[in-house]
Every structure is written in C-alpha cells, then in structure tokens.
Amino acid sequence: MLSKDKLDRINELAKKAKAEGLSLNEQKEQKILREEYLEKFRGGMRNHIEGMKVVDQEGNDVTPDKLKGIQKEKGLHNRHKE
C-alpha cells in the first residue's frame, strides 16, 4: 500500500482540483500518484485472489484449474510443482 503521506497528497490534490483546479505540474503529480496507487491496489488484489481456495458446501475444493495452476507455481495451499 502507499505511504500515508502519498495518500494524503492524493486526497489534497483531489480536493484542490474540485475547489480551484490544478496547475500543470500538480496534474502531472496527481496522475503519477494515481497510477502508483492503482498499481499497488491491483497487485494486492491479485495476491489476494491468487491465494483463495474455493470450497463447495460439502467441503470439496472446487478452485478453478487456472487458479490452481497459479497457486502450484507459487507453492500455495500445498500445491507444489511436480
């Protein structure tokens, strides 16, 4: 996740953009910060999803094969490379 300072700056720029608008430099800074935020968010979400194990009501592992393959590569859920 981004540092508190960067998140505060994103929020500060967003408020300023609504209130009075941003200078060219501030617009560039905002774009860079947003891209960094989205990259971190997507990476965290990807890790979360890749770590999931799907189980039906009877307790059977019904994780999609594509996800099982990713987990096998990463050695998650006792799915080891063979």
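The values are calculated or read from the model by the stated rules, or taken from the named source; none is laboratory data. What you see is a predicted model; the values in this text were computed from it and never measured. Here the Cβ positions follow ideal geometry from the backbone for every residue, glycine too, while neighbour counts run over all protein chains shown.
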Inset, instruction - Provide a single number: the residues in region 12-31 that are surrounded by 11 or more Cβ atoms within 10 Å (Cβ to Cβ), assigned to a helix (DSSP H, G or I) and not small (Gly, Ala, Ser). - result: 9
Inset, instruction - Within region 63-78, identify whether any single residue is outside the structural domain of ARG9 (by TED's automatic domain parsing), surrounded by fewer than 10 Cβ atoms within 10 Å (Cβ to Cβ) and either charged (D, E, K, R) or under 28 Å from LEU7 (Cα atoms) (or both), and answer yes or no. - result: yes
Inset, instruction - Restrict the check to region 45-58 and report whether at least one residue is more than 30 Å from LYS4 (Cα to Cα), out of contact with any helix residue (DSSP H, G or I) (no Cβ under 6 Å at 6 or more places or on another chain) and not in a loop (DSSP other than H, G, I, E, B). - result: yes
Legend entry - Test: LYS53 is at negative phi, in contact with a strand residue (DSSP E or B) (Cβ under 9 Å, 6 or more places away or on another chain) and touching a residue at least 24 places away in the same chain (Cβ under 8 Å): yes
Inset, instruction - Output the number of the condition that GLU29 fails; it satisfies all remaining conditions of (1) at positive phi; (2) touching a residue at least 12 places away in the same chain (Cβ under 8 Å). - result: (1)
